[in-house]
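Have a look at the structure below, then the notes.
The values are calculated or read from the model by the stated rules, or taken from the named source; none is laboratory data. Given the structure is predicted, the values throughout are model-derived calculations rather than measurements. So basically every Cβ, Gly included, is an ideal-geometry build from the backbone, and we count neighbours across all protein chains shown. When the accessible area is computed, the model is the full protein with side chains, heavy atoms only, and any ligands, DNA or RNA have been set aside. Shrake-Rupley method; radii C 1.70, N 1.55, O 1.52, S 1.80 Å.
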Amino acid sequence: MICLGIESTAHTFGVGVSGDWGEILANVKSHYKPPKSWGIDPTKAREYHEKNADAVIKKAIKESHIKKPDLIAVATGPGIPPCLLVGLKKAKELAKKWKIPLVSVNHAIAHLEIGKFNSNFKDPIMLYVSGGNTQIIAFQEGKYRIFGETQDIGIGNLLDSFGRKTGLDFPAGPKIEKLAKKGKKYVEMPYSVKGMDVSFSGTSTKLKKLIEKEDLENVCYSLQETCFAMLVEITERAMAHTNKNELILTGGVAANKRLQEMCRIMCEERGANFNAPKIELAGDNGAMISWNGILARKNATKNYETVDINPKWRADEVKITWR
Ligand code: ATP
Ligand code: FE2
């Protein structure tokens, strides 16, 4: 079975093609880049996706050397409604054209499943850190469950909004990482862990005050050290509570070498295994949707009108038919 998967939950319009055994035949994407002064504009992102969708689909089919897939998968949530609708519309068009079933996929679980496949881990905990999302997810008693998450903004959005205020180009994460390496002095930052959750709004407020008086390199260094320590603390607690000994770090922020290092050290100290997939699979991409489509093929339907977007779809609400 060959599945074509469409990702359009936020910035990325991605199309992947996967085979039964997880082989990736294509993984093509285009990114909407938000303006310098503010974050993602849903209307602009939608227009961008509408403009680029057909070319990305065409390229993925060409690269995969297939005539037509057997199944279409589409990420229907969580995400930004206008963006999600572009992916769903394209997915329905293709499924109708080829008269093949359509399956809806949860974006967060797709991140986890591609990370699990890529690492060969059996039952990992996932620390999912991106622009809009910061969550710890793992499988327990028949469901994927959210063990901890941000109570306000995602870690990536915190980095990007700080970047906008200090004139760093989008995405700010890589620039902050570079500056942080040169930081020498630790500047006090809010350390906000509440049970299994974290909160970054206090950090955001503090950063606004620090910009004028502190050296940017020191602020970047302290920001990373504090926020990443918060994430590693709740991740370690989730591993201890669930008795799991494999960790996957994923999402766009997973590209950060310092965060990878902190996760690796924590895992080594617990005798656990750690993996961070390469960025093509860690950031938003179509291949994770096509692979999750293969796994979830039992949920596929030809009653296309029953498939809709679900912008607030949480990982623990997903029907898991493949584990
Ligand atoms: P989602 O829809 O899952 O929330 P997204 O649209 O935010 O995803 P991703 O590609 O998963 O897209 O993540 C982008 C985020 O990753 C941005 O906030 C960016 O600043 C951050 N990022 C990228 N590289 C780094 C890095 N080296 N260090 C820290 N953050 C990074
Ligand atoms: Fe994502």
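Observations on the model:
- Residues in the stretch 175-207 that are in contact with a helix residue (DSSP H, G or I) (Cβ under 7 Å, 6 or more places away or on another chain) and either in a helix (DSSP H, G or I) or not assigned by TED's automatic domain parsing to the domain that holds V129 (or both) were compared, and the one that is nearest to F147 (Cα to Cα) is T203.
- Residue check, I265 assigned to a helix (DSSP H, G or I), among the aliphatic types (A, V, I, L, M), out of contact with any Ser or Thr (no Cβ under 8 Å at 6 or more places or on another chain) and open to solvent by 60 Å² or more (accessible area, probe 1.4 Å): yes
- When residues of the stretch 140-172 are limited to those that are among the hydroxyl-bearing types (S, T, Y) and more than 16 Å from the chain's Cα centre (by Cα), the one surrounded by the most Cβ atoms within 10 Å (Cβ to Cβ): S161
- When the criteria are applied in full, L127 meets the requirement of being outside any helix (DSSP H, G or I), under 30 Å from R237 (Cα atoms), within 16 Å of ligand 1 (Cβ to nearest atom) and among the aliphatic types (A, V, I, L, M).
- Selection of first residues in the stretch 282-308 that are without any contact (Cβ under 8 Å) to a residue 60 or more places away in the chain and of second residues that are more than 14 Å from ligand 2 (Cβ to nearest atom) and open to solvent by 10 Å² or more (accessible area, probe 1.4 Å), restricted to Cβ pairs under 6 Å at least 6 apart or on distinct chains, gives the following pairs, ordered by first then second residue: K298/T321.
- Of the residues making up the stretch 67-78, not one is open to solvent by less than 30 Å² (accessible area, probe 1.4 Å) and over 17 Å from N292 (Cα atoms).
- Evaluating V187 against the criteria (1) under 18 Å from M230 (Cβ atoms); (2) within 16 Å of ligand 2 (Cβ to nearest atom); (3) of a type outside the set (F, W, Y) leaves one unmet condition, (2).
- From the options T306, T301, T321, residue that is among the polar types (S, T, N, Q) and modelled with pLDDT under 95: T321
A quick yes/no check of all residues on (1) open to solvent by 60 Å² or more (accessible area, probe 1.4 Å); (2) away from ligand 2 (no atom under 16 Å from the Cβ); (3) at pLDDT below 95; (4) more than 17 Å from S104 (Cα to Cα):
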| residue | (1), (2), (3), (4) |
| --- | --- |
| M1 | yes, yes, no, no |
| G5 | no, no, no, no |
| A26 | no, yes, no, yes |
| K36 | yes, yes, yes, yes |
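- Residues located in the stretch 119-135, provided they are open to solvent by 20 Å² or more (accessible area, probe 1.4 Å) and either of a type in the set (F, W, Y) or in contact with a helix residue (DSSP H, G or I) (Cβ under 6 Å, 6 or more places away or on another chain) (or both): F121, G131
- Qualifying residues in the stretch 223-264 (those that are among the β-branched types (V, I, T) and touching a strand residue (DSSP E or B) at 6+ places or on another chain (Cβ under 9 Å)) - the one farthest from ligand 2 (Cβ to nearest atom): T242
- Looking only at residues of the stretch 232-246 that are closer than 12 Å to F147 by Cβ and not β-branched (V, I, T), we find that the one that is surrounded by the fewest Cβ atoms within 10 Å (Cβ to Cβ) is A240.
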